[in-house]
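Okay, so here's the structure we're looking at.
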C-alpha cells in the first residue's frame, strides 16, 4: 500500500518537474519529505529534503559544464539560511576540478553524482 502512494507521488514529481523531479523522486523513495524550488531571501535551493530531523539543502548541476567553486559557495551560503546540510548534486558526467573538490571539503559541502535514475518497487 505504501509503495502505491509513493509511486503516485513520484510519478507526479517527474511529470511536473522533469529532471529535477526525477532527482527529488530518489529522496521521496527513500522516505524523505521533499520541497522543490525553495527560496529564503535572495538564497534559493532546488530541493529541501528532510527525514528524521535532518534537513538537506540540495542544489543541482544539470549542465555538462565543469562544476565551479562558486556553485559550492552558493549552496554553502544558502544551506546556512535553511539550517540544513549542503549538498551539490551533479546530474550527468560534468567534470569536478580539484579546486572545486577542495572548496567543497573546506565548506563541508557534500558532492553527489547521479547518472541514471530508475526506480523499482521493493
Any chance residue 17 is in a helix (DSSP H, G or I) and within 23 Å of residue 4 (Cβ to Cβ): yes
Looking at 59, 51, can you tell me which residue is surrounded by 11 or more Cβ atoms within 10 Å (Cβ to Cβ), at pLDDT 90 or above and farther than 26 Å from residue 97 by Cα? 51
Answer yes or no as to whether residue 28 is surrounded by 13 or more Cβ atoms within 10 Å (Cβ to Cβ) and in a strand (DSSP E or B). no
The residue that is surrounded by the most Cβ atoms within 10 Å (Cβ to Cβ), considering only those in the stretch 33-48 that are more than 16 Å from residue 19 (Cβ to Cβ) and in contact (Cβ under 8 Å) with a residue 24 or more places away in the chain, is 48
Is it the case that residue 23 is surrounded by 15 or more Cβ atoms within 10 Å (Cβ to Cβ), part of a strand (DSSP E or B) and at negative phi? no
If residue 28 passes every condition in (1) modelled with pLDDT under 90; (2) out of contact with any helix residue (DSSP H, G or I) (no Cβ under 9 Å at 6 or more places or on another chain) but one, which one does it miss? (2)
Restricting attention to the stretch 69-93, which residues are outside any helix (DSSP H, G or I) and crowded, with 16+ Cβ neighbours inside 10 Å? 84, 86, 87, 88, 89, 90, 91
Take the residues in the stretch 31-48 that are in contact with a strand residue (DSSP E or B) (Cβ under 9 Å, 6 or more places away or on another chain) and assigned to a loop (DSSP other than H, G, I, E, B), then tell me which one is modelled with the lowest pLDDT. 31
Restricted to the stretch 107-122 and to residues being outside any loop (DSSP other than H, G, I, E, B) and in contact with a helix residue (DSSP H, G or I) (Cβ under 9 Å, 6 or more places away or on another chain), the residue modelled with the lowest pLDDT is 114
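The values are calculated or read from the model by the stated rules, or taken from the named source; none is laboratory data. Nothing here was measured: the structure is a model prediction, and the numbers come from that model. Here the Cβ is made from the backbone with ideal geometry for all residues, glycine too, and neighbour counts use every protein chain on show.
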